[in-house]
Amino acid sequence: MIHRTPIRVRFYELDPYRHLNHSVYIQYFEVGRIDLFRAFGWTLTGMADLGVHIVVSEITTKFIAPGIEGDELVVETWVEDVRRVTAVFGQRIMRGDEVLATQTVVGACTSIDGRPTRFPPELLAGLESFRSE
């Protein structure tokens, strides 16, 4: 299943060329992943209360077309793979049917002190519900 997060490009997110700044795409992708967690009932503070964090260990981003002020975009997020302590998220930013950027993120589950740990069963079940087909 794909989770969708709508976002509108704001003028202060533009670079001098009036394009969406490359660093903002990364922020939009982050918003999409956090919204995916919320969609199955998890927040970052809720995970911390359970004793785990999900930290980014790898990001690969491809920029395809520029976003511009006022664009109504959608961040699509899904889970490509889940292992014992890592999950791979696929993402793309869409303007209608046009893909502006894609991203793959590897997130590692860690304990509060930063040691790799298995996903709690409830969190694992939520991730599995957004696994791509």
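Assign one of three labels to the chain, namely rounded, prolate or oblate, based on the Cα gyration tensor with a ≥ b ≥ c the square roots of its eigenvalues; rounded applies when a/c is under 1.5, prolate when it is not and a/b is larger than b/c, and oblate otherwise. Numbers along the way, then the final one.
On the way: a/c = 2.21, a/b = 1.93, b/c = 1.15.
Cα axes put the chain in the prolate bin.
In whole Hz and in residue order, list the ³J(HN,Hα) couplings for the stretch 99-110 that follow from phi through the Karplus curve 6.51 cos²θ - 1.76 cosθ + 1.60, θ = phi - 60°; x for Gly and Pro.
Couplings: 8, 8, 7, 10, 8, 10, 10, 9, x, 10, 7, 10 Hz.
Based on Cβ point charges of +1 for Lys and Arg and -1 for Asp and Glu, what charge dipole magnitude is obtained for the chain about its Cα centre, in debye rounded to the nearest 20? Before the final figure, lay out each step's value.
Values: 14 positive and 18 negative charges, 44 e Å.
The calculation lands at about 220 debye.
Just name one of GLY90, PRO121, ILE68: the one whose Cα is farthest towards the positive end of the charge dipole of the stretch 53-123 (beta-carbon charges, Lys/Arg +1, Asp/Glu -1).
The residue sitting most towards the positive pole is PRO121.
Please list, in order along the stretch 17-26, the HN-Hα scalar couplings obtained from phi with the Karplus expression 6.51 cos²θ - 1.76 cosθ + 1.60 (θ = phi - 60°), rounded to whole Hz, x for Gly and Pro.
Working through the residues one at a time gives 8, 6, 9, 4, 4, 4, 5, 6, 4, 4 Hz.
Report relative contact order for the chain in percent, whole number only (criteria: Cα-Cα under 8 Å, sequence separation at least 6).
30 percent
Please give the contour-minus-distance gain from ASP81 to VAL99: 0.36 nm per residue of separation, less the Cα-Cα distance, rounded to one decimal in nm.
Extra length available between ASP81 and VAL99 comes to 4.3 nm.
What residues have an amide H closer than 5 Å to that of THR117, excluding those fewer than 5 places away on the same chain, when H is modeled at 1.01 Å from N in the peptide plane?
CYS109, THR110, SER111
Across the stretch 46-54, in residue order, what do the Karplus-derived ³J(HN,Hα) couplings come to in whole Hz, using 6.51 cos²θ - 1.76 cosθ + 1.60 with θ = phi - 60° and x for Gly and Pro?
Listing the rounded values in order: x, 5, 4, 4, 7, x, 10, 10, 10 Hz.
Taking all protein chains in place and a 1.4 Å probe, what share, in percent, of the accessible surface of the chain do carbon and sulfur account for?
Working: 4030 of 7460 Å².
Here it works out to 54 percent.
With every protein chain present, what is the per residue accessible area of the chain (1.4 Å probe, Å²)?
In whole numbers, the chain has 56 Å² accessible per residue.
Applying 1/(1 + (r/R0)^6) with R0 = 41 Å to the Cβ-Cβ distance of ARG131 and GLU69, what FRET efficiency is obtained, to the nearest 0.05?
Step by step, r from the Cβ atoms, then E = 0.70.
The values are calculated or read from the model by the stated rules, or taken from the named source; none is laboratory data. Keep in mind it's a predicted model, so treat the numbers as computed, not measured. Note that we place each Cβ from the backbone using ideal geometry, even for glycine, and neighbour counts take in every protein chain shown. Each accessible area value is taken on the protein alone, full model and side chains, heavy atoms only, with ligands, DNA and RNA left out. Shrake-Rupley method; radii C 1.70, N 1.55, O 1.52, S 1.80 Å.
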